[in-house]
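Read the structure below first, then the notes.
The values are calculated or read from the model by the stated rules, or taken from the named source; none is laboratory data. All of these numbers come straight from a predicted model, not from anything done at the bench. Note that we place each Cβ from the backbone using ideal geometry, even for glycine, and neighbour counts take in every protein chain shown. Note: accessible area is taken over every heavy atom of the protein model, side chains too, but ligands, DNA and RNA are not part of it. Shrake-Rupley method; radii C 1.70, N 1.55, O 1.52, S 1.80 Å.
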Amino acid sequence: MDKEQLAELEQQAREVLAGNDRGGFTVPAANLYPHQWLWDSCFIAIGLRHVDLERAKAELKSLLRGQWSNGMLPNIIFSGGERRHIDLWRSWISPYAPDDVATSGITQPPMLAEAVYQIGQKMKLPERRGWYKEMLPALIDYHRWLYNDRDPHQQGLVLLLHPYECGLDNTPPWISELRKHSLPGWIRLIEKFRLSGFINLFRRDTKHVPPGQRMSNVEALAYWSALRRLRRKAYNSEALLPRALFAVEDLAFNCILIRASKRLKQIAKTAGHSLPPELTEAMNRSENALAQLWDDVHGEYFSRSFVSHKLIEESTIATLLPLYSGVIPPDRVARLVDLLKRQRMFSSRWPVPSVPLNSPHFDPEKYWQGPSWVNTNWLIINGLKQYGYEAEAAILKERTLKMVAKSGMYEYFNPLNGHPAGAASFSWTAALTIDLIHQ
Ligand code: GLC
């Protein structure tokens, strides 16, 4: 793309972000997602730093309004008006939830340290030091919570208790875990007798986006029931875990956490602050533990069930995210780059599909079961670069920008024909487009 086209694209992206700005924080998309989401705001801030550094800082600081006193950062901070969601989550049932703001009771991929770091890179050293010092206590509390609460046996991999926590909501490994262990009998009956149509009355997303582009009614119902189970225990993992049927050491989440820990160490160093020794130990343990998710037979990393300790052998976009973690050996890096280039796997015309083209789950327009997403492309580009695969990173960047230029700032894209899908004017697509243009 030439300079003029890129300038035009950046202008469109800036307009999307301005339109979704709610004064101090940004919603992912006006109608479909009217609240603040955790990893969305991190991606948004990474793009906003090229537009307005103060506004980018405000985006991240506004996330701390929702931080629980045990350190947890919730995946959603609700803005007023939408009572239905607030009443669904009822964060006030937990003694740790903040009093003055309603939130969800679960987290999302820990992108905050990366976003804080990237924003700091736009500053001169004294200012950067101040910014890192300001954000460090919240980051330390959050990372401590992840290990204390979600790595109960101190094995180095954190577990997730709800698929929304992994950010890739209906990704196949979670769906297969759900089907195997945790689909309540009444939902099975609804499915068997094809009665799930009534759920459309209660679904908000399918009023804004064609149902074929969202998760199925049975999946939505199952996720709602998993949420109720968490709510019954007031989001207390210690109380939940002995009875949990549904706990996953998620590959994407752990890769992002490992990378975030490296960023946290860099942030602390620049701020002249030492991290608590037990946190450093936990972070180092994670780096080594990722190897436990490698499967020699398939030559891939997978998520693992915390309960059965078995790998969940489903390839997805997470397969490529160990590249972003930055801690895998060169032969495995080469293997993942090979999968990225394989026609039957991830090399679609408009990459990178969220499940491989040859997967039985592949559906080009269904949410996290096929479409290409700009945030995962951004993570892969970043990963390729850190391992010196500059040419591959440049190709993926170019294709990503062309896809957005062709189809608009949508939530996701059909990997076969590049058609847009999901919500229009989607914030992280806009923000990461800006960041890619500036890279
Ligand atoms: C969807 C995505 C999730 C994102 C949210 C808001 O639920 O799966 O990752 O954070 O939308 O954009």
Assess whether residue 428 counts as being in contact (Cβ under 8 Å) with a residue 40 or more places away in the chain, within 16 Å of the ligand (Cβ to nearest atom) and assigned to a helix (DSSP H, G or I). yes
Scanning the stretch 367-382 for residues that are away from the ligand (no atom under 12 Å from the Cβ) and either open to solvent by 10 Å² or more (accessible area, probe 1.4 Å) or within 17 Å of residue 427 (Cα to Cα) (or both) gives 372, 377, 378, 379, 382
Is at least one residue of the stretch 198-207 in contact (Cβ under 8 Å) with a residue 60 or more places away in the chain, among the hydroxyl-bearing types (Ser, Thr, Tyr), buried (at least 16 other Cβ atoms within 10 Å of the Cβ) and part of a helix (DSSP H, G or I)? no
When you scan the stretch 17-29, do you find a residue that is part of a helix (DSSP H, G or I), touching a helix residue (DSSP H, G or I) at 6+ places or on another chain (Cβ under 7 Å) and under 23 Å from residue 406 (Cβ atoms), even just one? yes
For residue 318, only one of the following conditions fails: (1) buried (at least 21 other Cβ atoms within 10 Å of the Cβ); (2) in a loop (DSSP other than H, G, I, E, B). What is its number? (2)
Apart from one, (1) assigned to a loop (DSSP other than H, G, I, E, B); (2) closer than 15 Å to residue 253 by Cβ all hold for residue 346; the odd one out is (2)
What's the number of the condition residue 84 fails, among (1) among the charged types (D, E, K, R); (2) within 22 Å of the chain's Cα centre (by Cα); (3) over 22 Å from residue 18 (Cβ atoms)? (2)
What about residue 94, is it out of contact with any His (no Cβ under 8 Å at 6 or more places or on another chain) and among the polar types (S, T, N, Q)? yes
For the stretch 176-234, how many residues meet the condition of being small (Gly, Ala, Ser) and out of contact with any helix residue (DSSP H, G or I) (no Cβ under 9 Å at 6 or more places or on another chain)? 3
Looking at the stretch 75-107, which of its residues are open to solvent by 10 Å² or more (accessible area, probe 1.4 Å), under 18 Å from residue 163 (Cα atoms) and not in a helix (DSSP H, G or I)? 76
Selected residue (only one of 156, 130 is more than 29 Å from residue 367 (Cβ to Cβ), open to solvent by 10 Å² or more (accessible area, probe 1.4 Å) and at pLDDT 90 or above): 130
Identify all residues within the stretch 208-246 that are modelled with pLDDT of 85 or more, closer than 15 Å to residue 183 by Cα and outside any helix (DSSP H, G or I); write none if there are none. 216
Restricting to the stretch 172-197, name every residue that is open to solvent by less than 30 Å² (accessible area, probe 1.4 Å), of a type in the set (A, V, I, L, M) and in a helix (DSSP H, G or I). 175, 178, 187, 190
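Would you pick out the residues in the stretch 321-333 that are in contact (Cβ under 8 Å) with a residue 60 or more places away in the chain and in a helix (DSSP H, G or I)? Break it down stepwise before answering.
First, the residues of the stretch 321-333 that are in contact (Cβ under 8 Å) with a residue 60 or more places away in the chain: 321-327.
Within the stretch 321-333, 322, 323, 324, 325 qualify.
Matching residues to (1) open to solvent by less than 20 Å² (accessible area, probe 1.4 Å); (2) under 13 Å from residue 158 (Cα atoms); (3) without any contact (Cβ under 8 Å) to a residue 24 or more places away in the chain:
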{"position": "248", "(1), (2), (3)": "yes, yes, no"}
{"position": "255", "(1), (2), (3)": "yes, yes, no"}
{"position": "264", "(1), (2), (3)": "yes, no, no"}
{"position": "267", "(1), (2), (3)": "yes, no, no"}
{"position": "280", "(1), (2), (3)": "no, no, yes"}
{"position": "293", "(1), (2), (3)": "yes, yes, no"}
{"position": "298", "(1), (2), (3)": "no, no, yes"}
{"position": "304", "(1), (2), (3)": "yes, yes, no"}
Residue in the stretch 340-356 that is within 20 Å of the chain's Cα centre (by Cα) and closer than 20 Å to residue 42 by Cα present: no
Under 6 Å between Cβ atoms, at least 6 apart or on separate chains: pull out the pairs that start in the stretch 353-372 with a residue that is modelled with pLDDT of 95 or more and end on any residue that is open to solvent by 50 Å² or more (accessible area, probe 1.4 Å) and not polar (S, T, N, Q). 355/361; 357/344; 358/344; 364/416; 369/361; 369/363; 370/363
Before we move on, is residue 146 surrounded by 15 or more Cβ atoms within 10 Å (Cβ to Cβ) and within 16 Å of the ligand (Cβ to nearest atom)? no
Checking residue 71 against (1) away from the ligand (no atom under 16 Å from the Cβ); (2) under 19 Å from the mean Cα position of the chain (by Cα); (3) open to solvent by 20 Å² or more (accessible area, probe 1.4 Å), only one condition comes out false. Which one? (3)
For the condition basic (Lys, Arg) and either within 16 Å of residue 46 (Cα to Cα) or crowded, with 17+ Cβ neighbours inside 10 Å (or both), what is the one hit in 402, 406, 397? 397
If you check every pair at least six apart or on different chains, which have Cβ atoms under 6 Å apart with a residue in the stretch 334-347 that is in contact (Cβ under 8 Å) with a residue 60 or more places away in the chain first and a residue that is part of a loop (DSSP other than H, G, I, E, B) and surrounded by fewer than 12 Cβ atoms within 10 Å (Cβ to Cβ) second? none
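Any residue at all in the stretch 396-407 that's in a loop (DSSP other than H, G, I, E, B) and either under 22 Å from residue 314 (Cα atoms) or in contact with a Ser or Thr (Cβ under 6 Å, 6 or more places away or on another chain) (or both)?
Our first condition is that a residue be in a loop (DSSP other than H, G, I, E, B); within the stretch 396-407, this holds for none.
Looking for residues that are in a loop (DSSP other than H, G, I, E, B) and either under 22 Å from residue 314 (Cα atoms) or in contact with a Ser or Thr (Cβ under 6 Å, 6 or more places away or on another chain) (or both), one finds none in the stretch 396-407, hence no.
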